[in-house]
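The structure appears right after this line, and notes come after that.
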Amino acid sequence: MPKSLHQRAVEHLGSRIVDGSIPAGEVIVAAELESELSVSRSVIREAVRVLASAGLVVSTKRVGIRVLPPADWNPFDPLVIRWRLAGDGQGAQLRSLTELRVAVEPMAAELAAEHAPAEFCGELLNLAAQMRHAGRSGDLASFLELDIRFHAMVLAASGNEMFANLANPIAETLRGRTELGLMPEHPHEEALAWHQGVADAISAHEPHRARESMELIMRRTNEEICGVWAHKPRLFPQPRA
């Protein structure tokens, strides 16, 4: 099927569910979607599969496509993150992921300094150098992609596969911050130095210094954007049995 049709159907449904235009509990009929979007049943079926994997809908035989409440959504799904960042859930989304990063990434850096294979160390040093060059030259597009790669590499170098799987949600958040104008126009020299410090400490197998440098990065990140969620209520989902 044409990819653009599939993406159009996913965006049409997913963004409206996340922003509340299609409320939880509503049942969507596939035939009506086909007519509304002028697409085939196979396009709708594939779009529903994507949304179901993110916890937004469930398809029930002889009933239709039922919209699920936010408590059922996968908060780590990059699509859910992107749609929340684009709407009223922006502040809460940024807060949740920033707090997650503050908690996890310093530990990941510490573990990476203890366990990272040599090729990971070399790549981190290379990325830190490229980030410094891109940041100082004002190439923000390149800097963003290098920053995403750097943090993904630290998570992977920890040797913890659950940490490593946070790379995509973090990447979506970094891209979202950039698109929303919530990144500095030019990376701070301190931040560039701290990224270099993380890479150096991991390569030198100095866990305490790696953790400290990453904590400085995360603290600066939190300070830069905490105003966005200052008055947003926290979410308290019920623990699952």
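Computed from the coordinates by the stated procedures, all read-outs in this text should not be read as laboratory data. Quantities reported herein were computed from a predicted structural model and do not represent experimental measurements. Don't worry about glycine lacking a Cβ; one is built from the backbone with ideal geometry, like all the others, and counts go over all protein chains shown.
Looking at Met218 and the list (1) over 29 Å from Ala86 (Cα atoms); (2) touching a helix residue (DSSP H, G or I) at 6+ places or on another chain (Cβ under 8 Å), which single condition is not satisfied?
All conditions are met except number (1).
Is the stretch 221-240 home to any residue that is touching a His at 6+ places or on another chain (Cβ under 9 Å) and within 17 Å of Phe150 (Cβ to Cβ)?
Taking every residue of the stretch 221-240 in turn, none turns out to be touching a His at 6+ places or on another chain (Cβ under 9 Å) and within 17 Å of Phe150 (Cβ to Cβ).
Could you check the stretch 200-217 and list, in sequence order, the residues that are surrounded by 20 or more Cβ atoms within 10 Å (Cβ to Cβ) and either under 23 Å from the mean Cα position of the chain (by Cα) or farther than 19 Å from Glu119 by Cβ (or both)?
Result: Ala210, Arg211, Ser213, Met214, Ile217.
May I ask you to say which residue of Ala30, Ala108 is surrounded by 16 or more Cβ atoms within 10 Å (Cβ to Cβ) and touching a residue at least 24 places away in the same chain (Cβ under 8 Å)?
Criteria check complete, one pass: Ala108.
Out of the helices (runs of 4 or more DSSP H) lying entirely within the stretch 22-95, which hold 1 or more residues that are aromatic (Phe, Trp, Tyr)?
78-85
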